[in-house]
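Below is one structure, written out as structure tokens; the observations come after it.
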Amino acid sequence: MAQTINMDAVPGGDPKKKALPSDSRYGWLKALWRNRKSRVGVIIFLVFVFIGILAPLIARYSPTSTNFGLLQPPSARHWFGTTGLGQDVWAQFVWGTRSSLIVGFGASVLSTILAVAIGMYPAYRGGRLDQTMATLTNIFMVIPGLPLMIVAAAYVHETNAFSMMLIIGLTGWAGRARVLRSQTLSMANREFVWAARLTGASNGRVLVREILPNMTSLFFASLMYGVLGAILAEAGLEFLGLGNLTGASWGSMLYWANNGGAVLNGAWWWLLPGGLAIAVFGMSLALINFGLDEVTNPRLRVVATMKPGRRRYGKLAGKGGSFDEA
Amino acid sequence: MRYILERLGFLLVSAWAAITINFVLPRMMPGNPALIAASRYQGQVSPRALHALKLQFGVTNKPLVVQYGQYLINLLHGHLGTSLTYYPVPVITVIDNSLPWTLGLAGMATVIAAVLGTFLGIYSAWKHNRAADSVLTTGTTFTGAIPHQWLGLLLLFGLGYGLHWFPVAHSYSPSMTPTWSLPFIENVMYHAILPALTIVVPGMGAWLLHMRNNMIQTLGEDYMVFARAKGVSSRGQMLHHAARNALLPSVTNFAMAIAFVVGGVILVEIVFSYPGVGYQLFMAVSNEDYPLMQGLFLFVSLSVLVVNFLVDLLYGWLDPRARRAGEA
């Protein structure tokens, strides 16, 4: 990281470029905090991460222990009530946070690496390799992901957190490979890339040191959506009874709530935490991305920041009010 | 014409890829389906029965190329093996009975999500940076992350078992016989409401955001200033000038949306015991019924590929630029 920042200070770098705060390579991190939506996202995200890290300290009970009364509503003793098997739902939620985040990040890192290798590198090299990889990406984009994962997971048989990561990571890269590819294509002929090439930098070096740092925000967005996708995929697989259902995860909580009759018994406290955790965590990732998008996507800023655009838009918006009454 | 051929080419290539994945996957994995099936009977299977099972699964000791050829020939004849769950019903029959339900449910939900999401997107863009826009766009970040199975269970809990407004399972009342009569179709629709709603809510957000962002882009275009200058009403500006131009790229969303919907439908069908491919896939997984599982995977994939092909054609028809880009 420090090295790439130093790159900005390379003599001959465009001084005007550095004057604009949003153009500095890590300026988007600050902008992320300044944007209200993404700040809320970052805070929620960190809360979940801390719950995951502190799981052994705050869980209070073992998530698999069945020593408690069956289907007890939330109380001081059991904050989130108990399951139909007499397990503590809070303990399951806390430990589930840890395992779901681990699988989510693990799978996303794997699929992002694949997306970079399949989407970015060939796009930069161009030619036949790029054609082949682009076709491969398009094929994997249209083959439905969940059914493919289901069949793969069904064959693996003894699934654990690691094999889960592999299955989700190996199948879920295509959409992001396509985004990274198109961005790389637009970057490959920029002047600074040519400058680096002409100084004799190797392809890999140009890609990692020149192109990638300019795509950090997109790269992070890709990683984030990968995490959400992986958590949803894991929950989906577990809902079919695939994966390790003896351990606690958000997905297995939903599986047991469904198969243990939470709906029939009116045990809303058993039903709510797993799905709500996924949705709120997913929301935090989307909010962060939303902020990223507004910071980095100039198209969305045209209206908001360019002076003529704003003036134009201000009047339009004023009229927009009358649209309601019309 | 060139464009159509090109899309057709991609359809064939991707169909071949799906068929080949279906062949390779079981052979890549440790153990083979026949052994797994045999282990279900706890070693009470004679070597001869095991051999029969292997034959049924198409697992032989012949070279892979021969196996692959045999597999393709079987596929052409519609021989996908026999389902273990519904023994001795052929897999193709199970698919034949379940695929229409899934296509109907998924199709209906996709169209509703697209229309609703697009209109909300138009509205959101028009209210850019105001409360309504903020609420809608922030709302989608939540709805977009809702697991389908969870929302399905909640709806089942509240509107099904709680208020008894909607049926809690199956695609039509058991007392009815499937016909093309109006009461039966009404009954099917009634049963489809909750499952469809479960798919629409998480799926809508992507349409909304896409349309909103496209709209905001078009709002900055010169023709919008011109429209205003020549005195077009706000409603006219919004619907006939901005939205029309922003709508086109939304069509490309279908490819992503379909993949998302297929995943959702599978989970939703399990929650509502809806007799489509998702529910059958669940049965196949629970019973380790590999022939059925693979047949379902293949047909779900092929359906998605065909739908994508049709959307591509539609897009090419709507936007001549896409055709020309294909020719370049």
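Some notes on this structure:
- Helix B:2-28 vs. chain B, principal-axis angle (Cα, 0 to 90°, nearest 10): 40 degrees
- Relative packing of peptides A:116-129, B:288-301 - highest average C-beta neighbours within 10 Å first: B:288-301, A:116-129
- Sites B:Phe226 and A:Leu57 - FRET efficiency at Förster radius 60 Å, r taken between beta-carbons, to 0.05: 0.40
- Pairwise label distance in nanometres, B:Arg321 with B:Ala49, each label 7 Å out on the Cα-Cβ vector: 6.5 nm
- DSSP-loop trypsin sites (Lys or Arg not before Pro) across segment B:213-298, with at most 12 other Cβ within 10 angstrom: B:Lys230
- With a Förster radius of 41 Å applied to the beta-carbon distance between A:Trp33 and B:Leu12, the computed FRET efficiency rounds to 0.25.
- Net lengthening on full extension, B:Ile185/B:Ile112 (0.36 nm per residue, minus Cα-Cα): 24.5 nm
- In chain B, taking the dipole from charged Cβ atoms about the Cα centre, the farthest positive-side position among B:Met293, B:Gln217, B:Leu5 is held by B:Gln217.
- Pair A:Leu170, A:Ile102: separation of 7 Å Cα→Cβ label points (nm): 2.1 nm
- For segment B:172-328, the alpha-carbon coordinates run over 65, 42, 27 Å along the three principal axes, in decreasing order.
- Averaging Cα coordinates gives a centre for segment A:261-279 and one for segment B:250-306; these two points are 24 Å apart.
- Alpha-carbon Debye profile of segment A:166-259, log10 I(q)/I(0) at 0.19 Å⁻¹: -0.88
- Förster radius 25 Å - calculated FRET efficiency between A:Thr132 and A:Leu198, Cβ distance, rounded to 0.05: 0.35
- q = 0.11 Å⁻¹, chain B: log10 I(q)/I(0) [Debye, one scatterer per Cα]: -0.87
- Residues A:Ser186, B:Ser233, B:Ser83, sorted so that the one with the fewest Cβ neighbours within 10 Å comes first: A:Ser186, B:Ser233, B:Ser83
- Projected label points at A:Phe162 and A:Arg125, each 7 Å from Cα along the beta carbon direction, are separated by 3.0 nanometres.
- Low-density loop cleavage sites - trypsin sites (Lys or Arg not before Pro) in segment A:163-255, where at most 16 other Cβ are within 10 Å (DSSP): A:Arg190
- Per-residue shielding of B:259-268, expressed as the average number of other chain Cβ atoms within 10 Å of the residue Cβ, stands at 5.
- When the protein assembly as shown is described by a simple charge dipole with +1 on each Lys and Arg Cβ and -1 on each Asp and Glu Cβ, the residue from A:Ile168, B:Ser181, B:Ser250 located farthest towards its positive end is B:Ser250.
- Counting Cβ atoms of other protein chains within 10 Å of each Cβ in A:276-283 and taking the mean gives 5.
- By the beta-carbon count within 10 Å of each Cβ, the least crowded to most crowded order of A:Trp79, B:Trp180, fewest first, is B:Trp180, A:Trp79.
- Evaluated over the protein assembly as shown, the Cα radius of gyration and Dmax, each in Å: 26.3, 85
- Peptide B:251-258, shielding by other chains (average Cβ, 10 Å cutoff): 1
Every number here is computed from the coordinates shown, using simple stated rules; none is lab data. Everything numeric in this text was worked out from a predicted model, so none of it was measured. No Cβ is skipped: glycine too gets one built from the backbone with ideal geometry, and neighbour counts run over all protein chains shown.
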